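Contents: one structure, followed by commentary.
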Amino acid sequence: MSEIFKPAKPKKNPLEELEVVYVLYFDETYGHIPLLIYPDDRYKDDKQFMRPILMHPIWFLSGGESDVLDHIDLEYKGYTFFGKKILVKSQRAKRRAGLDEETPETIVIIVSLSNKLEILGDDIIRLLIEAIKERFEDNLFEIIESEILKDEIIKTPKIKKVIERGENLKKDLRHLIEEVTTSFFSNAVKKADTNSIKMQKAISYLALKGIDVSHIESKDYKGSFSSIQLFDPSIKSETTLLEPQLFTIDDIRIMSDSQEFEILIQNKSEKELKNLLVKITNIKEYFEKEVMNTRVEIWFPEEELVFISPIIPHIKEYLFFIIEEKSNDKLFSKRIDLNLIKELN
């Protein structure tokens, strides 16, 4: 990915210039263990490369606490690591007392993107989680079991069969990640709102990395400067993976007495939005506590609303949510760091 992640490889997968996907599990004996790294597994034993993964705050959350959040992020040396923890079915013998075969497996998915591509992080990790749960929720434990049995000195025919089954599932999982990420970048860029400053930065980053983006505006693609063509520009996307945001944060201000902060939010859609819940929670030691909860009956198009939240002493990080009351769907979420307010204003 960059000089901080060494050693450099002689030949790179084009997607490696865009993102790295980590699939890890919690081993009851050895702790956090990577199952695979996409696109290249060879970094699994590189301590420098794995450092931001092993210190990621997602490990400190229980499965239930992780469910409340779309994901937990870690910024490290120019990259953002989007992490989500899930619990999946298990039917393997555990190696610690008090755990039975049915004790769920703890799986962590982390997607690493350059900060220039941060705008894409919410969507790509959501799509990966959905695809992995749909396809592998009932047999991820077989990949884990296979990895554990590889360390057995004597491998019986039964063990070899389990290892072979796990290896085949692992190949399928890697192929699924490749399909999801390739499709995502293709569709996200083709359907991008190029009026967004963050998206403009993302597209510029793609171009600098040699990824062909000329077809965004060109209908008669005849080649470009790029030596890498990540996806076929002749194939038109039928779905929008990166939907236009319904809301934007126009301003965040700390009140003069520093006891409260206010957030100015605009409804960017062209329709009235009704019966919304607006919540602000604080983050302390990776756990959430609600500090503001209000209901908006009608939010008119292009209308700006101000929401005021108390500042909890010594707490600088907050999460802002807009939720549709009836469906409980999150329409908008944003992490707010009060230390960065001067940069935002």
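The values are calculated or read from the model by the stated rules, or taken from the named source; none is laboratory data. Only a predicted model underlies this, so the values are computations on that prediction, with no experimental measurement involved. Glycine gets a Cβ as well: all are built from the backbone with ideal geometry, and neighbour counts include every protein chain shown.
Any chance region 88-101 includes a residue that's assigned by TED's automatic domain parsing to the domain that holds His56, closer than 23 Å to Leu61 by Cβ and among the small types (Gly, Ala, Ser)? So far as region 88-101 goes, yes, one or more of its residues are assigned by TED's automatic domain parsing to the domain that holds His56, closer than 23 Å to Leu61 by Cβ and among the small types (Gly, Ala, Ser).
Can you go through Lys158, Lys84 and tell me which one is under 30 Å from Glu317 (Cα atoms) and not in a loop (DSSP other than H, G, I, E, B)? Being under 30 Å from Glu317 (Cα atoms) and not in a loop (DSSP other than H, G, I, E, B) holds for just one of Lys158, Lys84, which is Lys84. Evaluation of Ile119 against the conditions (1) modelled with pLDDT of 80 or more; (2) within 16 Å of the chain's Cα centre (by Cα) shows that the sole unmet condition is (1). Give me the pairs, please: first residue somewhere in region 96-109 and basic (Lys, Arg), second residue anywhere and surrounded by 10 or more Cβ atoms within 10 Å (Cβ to Cβ) and in a loop (DSSP other than H, G, I, E, B), beta-carbon distance under 8 Å, and either six or more positions apart or on two chains. Sorted first by the residue in region 96-109, then by its partner, the pairs are Arg96/Glu28. Only a single criterion out of (1) under 21 Å from Glu28 (Cβ atoms); (2) in contact (Cβ under 8 Å) with a residue 24 or more places away in the chain is not satisfied by Ala93, namely (2). When region 263-278 is filtered for residues that are at pLDDT below 90 and either in a strand (DSSP E or B) or among the small types (Gly, Ala, Ser) (or both), only Ser269 remains. Could we say that Glu304 is exposed (fewer than 14 other Cβ atoms within 10 Å of the Cβ), modelled with pLDDT of 90 or more and not assigned by TED's automatic domain parsing to the domain that holds Ile58 here? Yes: the conditions hold for Glu304. None of Glu130, Glu152, Glu145, Glu164 is outside any helix (DSSP H, G or I) and either of a type outside the set (A, V, I, L, M) or surrounded by fewer than 14 Cβ atoms within 10 Å (Cβ to Cβ) (or both) except Glu152.
Here Glu343 fulfils each of the conditions (1) among the charged types (D, E, K, R); (2) at pLDDT below 85; (3) in a loop (DSSP other than H, G, I, E, B) apart from (3).
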